[in-house]
Amino acid sequence: MVLNNIEKLLEKYENGETSLKEEQVLKNYFKNDTVAPHLEIYKSMFDYFLVNQQEQFTKDVPLKTKRTFNYKWISVAAVAVLMLGFYFNEPIVDSYNEYAYGTFSEPEEALNELENSLAMISSHFNKGTSTVNYLDEMNKGTSTIGYLNEIENTTSIIFKTNK
C-alpha cells in the first residue's frame, strides 16, 4: 500500500502536480535505506536535492549602488548661463553695422581695404600652388615608368615566341 502510494506520488511529481507536503513524503521515503529496487534510480536524485538544499553560498557579492543624476546642478548651470547672457548682452544691430561697414567713413576707403585684403589672399594662394608643381613632375615620372613596363611586356612576349 505504501509502495503503491509512493509510485503515485512519483508520477504526480514528474508531472509537476505535487504539493509541498507530498514532496516532503517523497524526500522522507528516499532518505531511508529501505527503498524498493525498481525505485533506486530516484534515490540518487532525492539525495542530491537534500545535499543541495544544505549548501550555502559563502562568497561576498559586491553590490553596485546606482548613481543618481543630480538634476539640481543642471538647473544651476542653466541659470548661470542665462545670467551671463543678460549681463554681457550687446545689441545685435550695432555689432552687425560695425562688422559690415567697419570703421571706415568713406566707401572708397572700404574698397581700398578690401582690394588689399584680396591681394594678400591671392599672393598666399599663389605661393601654395607653386609648391605643388612638383606633383606634375611625379606624374611625368610615373608615365615614363608605365611606358617602360609596356616595352618590357612586349619584349617578354617576343622572346617567349622565339623559344
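The values are calculated or read from the model by the stated rules, or taken from the named source; none is laboratory data. None of the values given here were measured: they were computed from a predicted structure. Using ideal geometry, Cβ is built from the backbone for each residue, glycine included, and neighbour counts are taken over all protein chains shown. All accessible areas refer to the heavy atoms of the entire protein, side chains included, with ligands and DNA or RNA removed. Shrake-Rupley method; radii C 1.70, N 1.55, O 1.52, S 1.80 Å.
If you scan region 1-20, which residues turn out to be open to solvent by 70 Å² or more (accessible area, probe 1.4 Å) and assigned to a loop (DSSP other than H, G, I, E, B)? If the condition is that a residue be open to solvent by 70 Å² or more (accessible area, probe 1.4 Å) and assigned to a loop (DSSP other than H, G, I, E, B), then M1, E17 are the ones that fit.
Among the residues of this structure, E90 does not count as one that is out of contact with any Cys (no Cβ under 6 Å at 6 or more places or on another chain) and at pLDDT 85 or above.
Once region 30-78 is narrowed to residues that are small (G, A, S) and outside any loop (DSSP other than H, G, I, E, B), the residue that is nearest to E11 (Cα to Cα) is S44.
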